[in-house]
Amino acid sequence: MFTIENAEAECVPELVAYVCKRFITDSVLHQVLDITLDQYKAYMQDPIRSTIKYGITLLARSTLDSSLCGCILAAEFESADTAHESVPECVAPIAALLRELESVYLSSKQSAKEKVLLVDIAVVNPEFRGQGIYTELRQEVHKQALDKGYTRVIGELSSAPTQHLCVNKLGHSVINEISYNAFEYQGAYPFAAIEQPKTIQLVEGVLV
């Protein structure tokens, strides 16, 4: 069992530790780059603190001990184009990949006309998966985003489970897709070793 709550500024240290541990352990992007936990914690402090200010970062806590078992961090997409600037070299290939993924959407008229929410980070502990945590977090994010005037939501999906849920269950449309083995960064192919999924997707859903 779990409860869902909005994150406050005082949650930043807990959230940084939780997100970074889960990404280093579970994310295919971070695994192939061999990013250390300390490197990622140092990098993620400011982005997580900035994202919480939008007021739509949600935490799922276990009812047994109040520990974090999942979270979603969301922010307005207009600021996303500069979010990947001045990043350390250890995460630079990921930042470059996301810039390329977002480029199609940034150049479209959609993002200029409407208030678009970016679900920037979504994490659920492996031992809590299958309990509907991600789905409930998503539904609550969409509800709160609607209340704040957002009309569309986008996400950058690097894992097969989130791609399946957002596209096949939530009905989001794939706006852009990049094959991991085709992405080149500074003359190398840093994500070519990723076998599942084959691509990273940028997907969009209409909030109703």
Is there any pair linking a residue in the stretch 1-14 that is within 12 Å of Ser67 (Cβ to Cβ) to one that is part of a strand (DSSP E or B), with Cβ under 8 Å and at least six apart or on different chains, and which?
Phe2/Ala60; Phe2/Arg61; Phe2/Ser62; Phe2/Cys69; Phe2/Gly70; Thr3/Ala60; Thr3/Arg61; Glu14/Leu68
Residue by residue through the stretch 164-196, note down the ones that are surrounded by fewer than 16 Cβ atoms within 10 Å (Cβ to Cβ) and among the polar types (S, T, N, Q).
Asn168, Ser173, Ser179, Asn181, Gln186, Gln196
Taking Leu97, is it at pLDDT 90 or above, surrounded by 21 or more Cβ atoms within 10 Å (Cβ to Cβ), of a type in the set (A, V, I, L, M) and farther than 19 Å from His164 by Cβ?
yes
Considering only the stretch 28-80, how many residues are surrounded by fewer than 20 Cβ atoms within 10 Å (Cβ to Cβ), assigned to a loop (DSSP other than H, G, I, E, B) and not aliphatic (A, V, I, L, M)?
9
Counting only residues that are in a strand (DSSP E or B), within 17 Å of the chain's Cα centre (by Cα) and not polar (S, T, N, Q), the stretch 166-195 contains a total of 4
Contact list please: Cβ distance under 7 Å, first residue in the stretch 146-165 and free of Cβ contacts under 8 Å to residues at least 60 places away in the same chain and assigned to a helix (DSSP H, G or I), second residue surrounded by fewer than 20 Cβ atoms within 10 Å (Cβ to Cβ) and of a type outside the set (Ser, Thr, Tyr), pairs at least six apart or on different chains.
Ala160/Gln196; Ala160/Pro197; Gln163/Pro197
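The values are calculated or read from the model by the stated rules, or taken from the named source; none is laboratory data. All values derive from a computational prediction rather than experimental measurement. Reconstructed Cβ throughout: ideal geometry from the backbone, glycine too, with neighbour counts over all protein chains shown.
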